[in-house]
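Since the structure comes first, as structure tokens, the remarks are kept for the end.
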Amino acid sequence: MTTKSLVLTTLLAAAACATPHRDDGTGTGVDAPAGQCVAEVCNDGIDNDCDGRPDCSDPDCSGIDGCPVCGSVEHPLGSPLALPDGVSSGAVCSTDAQCTDAMYPNCVHKECHASYVSKLNFIGFPMGSTLTDTSKLLKVCAKMEHSWLRDLQVELIAPNGTILPMQKFIDRSGGEIYLGQANDADDAANPVAGVGYEYCWTATGATTMLNATMMDWMSHQVVPAGDYQPDVPFTALQGTPLNGQWEFRVTDLWGIDNGFLFEWSIAFDPSLVTDCNGPIIE
């Protein structure tokens, strides 16, 4: 069964105010002199920093003293998921809507393909809010393995359908580069998972995956686990809605080599969330 759990991202600085009382949420209130707000304490039932959000509802308490972590979700899969191996209908397309065959519904690199698509429905942002500051999309991560990085296009799709290629398929040429400790001895008909590494796409990454300094594993070039620049900057998602279905899509566009996805996550700055004690996804 798929589970969803919150993951730690960042904390916000405590906000000062001049509220004359701090309320423990019980209706009785806890008196405090005006202007004497302090850093939030996460387990005392008091809005210590006077920002109107006591304890776990305050982003300052993200992941502290048993509070859920605010602003991000992890999506582990119940079992490793084999990525469709270079499966295409051969139809030419420019949008997903032109891919009418249910087996090949995704338009990637102008071809209709079978892809792995995972969806998370976000509900925890203020109604109608949009991603006006793309620096507040902190990172997108995936634990995966594959025996030929050049096969893949990895995309994040916003609720309004905007597609962000984080790892772009270049063309059908070039040498093999592994993601993780891939099992290259299996085949598409009987795929066997190797060991996945966690890869994250973030605006602060030093380089793209293909330009990374490779490590050696069993005489194979392997992209080290870590943070990387997306091939298309996160600024392409400027103005997209925050609530709604965010999709993680992986497409293998070349046959023979295969891979597995184990989990993925997406992290937003907690300042985008109104109440960190409530669910961010459903």
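The values are calculated or read from the model by the stated rules, or taken from the named source; none is laboratory data. Quick caveat, the model's predicted, so the values are computed rather than measured. Cβ: placed from backbone, ideal geometry, glycine included. Neighbour counts: every protein chain shown.
Per the listing Asp101, Asp96, Asp65, Asp60, the residue uniquely closer than 29 Å to Glu198 by Cα and either in the same structural domain as Ala267 (by TED's automatic domain parsing) or without any contact (Cβ under 8 Å) to a residue 12 or more places away in the chain (or both) is Asp96. In segment 234-247 there is at least one residue matching the filter, namely being in contact with a Leu (Cβ under 7 Å, 6 or more places away or on another chain) and among the hydroxyl-bearing types (Ser, Thr, Tyr). Annotation note: Cβ proximity below 6 Å between a residue of segment 210-222 that is within 23 Å of Gln153 (Cβ to Cβ) and in contact (Cβ under 8 Å) with a residue 12 or more places away in the chain and a residue that is β-branched (Val, Ile, Thr) and surrounded by 13 or more Cβ atoms within 10 Å (Cβ to Cβ) (sequence gap 6+ or interchain) occurs for Ala212/Val223; Gln221/Ile177. I'd like to know if segment 212-226 contains one or more residues that are acidic (Asp, Glu), over 16 Å from the mean Cα position of the chain (by Cα), at pLDDT below 95 and over 27 Å from Asn121 (Cβ atoms). There is no residue in segment 212-226 that is acidic (Asp, Glu), over 16 Å from the mean Cα position of the chain (by Cα), at pLDDT below 95 and over 27 Å from Asn121 (Cβ atoms). Within segment 81-113, being buried (at least 19 other Cβ atoms within 10 Å of the Cβ), modelled with pLDDT of 95 or more and aliphatic (A, V, I, L, M) holds for one residue alone: Val108. Of all residues in segment 174-188, those satisfying the criterion of being surrounded by fewer than 16 Cβ atoms within 10 Å (Cβ to Cβ) and without any contact (Cβ under 8 Å) to a residue 60 or more places away in the chain are Gly174, Gly175, Ala185. Please work out if Gln229 is surrounded by fewer than 17 Cβ atoms within 10 Å (Cβ to Cβ) and either modelled with pLDDT under 95 or among the polar types (S, T, N, Q) (or both). When the stated conditions are applied, Gln229 does not pass them. Can Ser118 be described as in contact with a His (Cβ under 9 Å, 6 or more places away or on another chain), under 30 Å from Asp187 (Cα atoms), of a type outside the set (Val, Ile, Thr) and surrounded by 21 or more Cβ atoms within 10 Å (Cβ to Cβ)? The answer is no for Ser118. Here are some residues: Ala236, Ala185, Ala212, Ala189. Which one is more than 26 Å from His109 (Cα to Cα) and out of contact with any helix residue (DSSP H, G or I) (no Cβ under 7 Å at 6 or more places or on another chain)? Only one candidate qualifies: Ala185.
Of the strands (runs of 3 or more DSSP E) lying entirely inside segment 125-224, those containing at least 2 residues that are assigned by TED's automatic domain parsing to the domain that holds Pro76 and among the charged types (D, E, K, R) span 137-146. Of all residues in segment 232-282 being of a type in the set (Gly, Ala, Ser) and buried (at least 20 other Cβ atoms within 10 Å of the Cβ), which is farthest from Arg150 (Cα to Cα)? Within segment 232-282, the match that is farthest from Arg150 (Cα to Cα) is Ala267.
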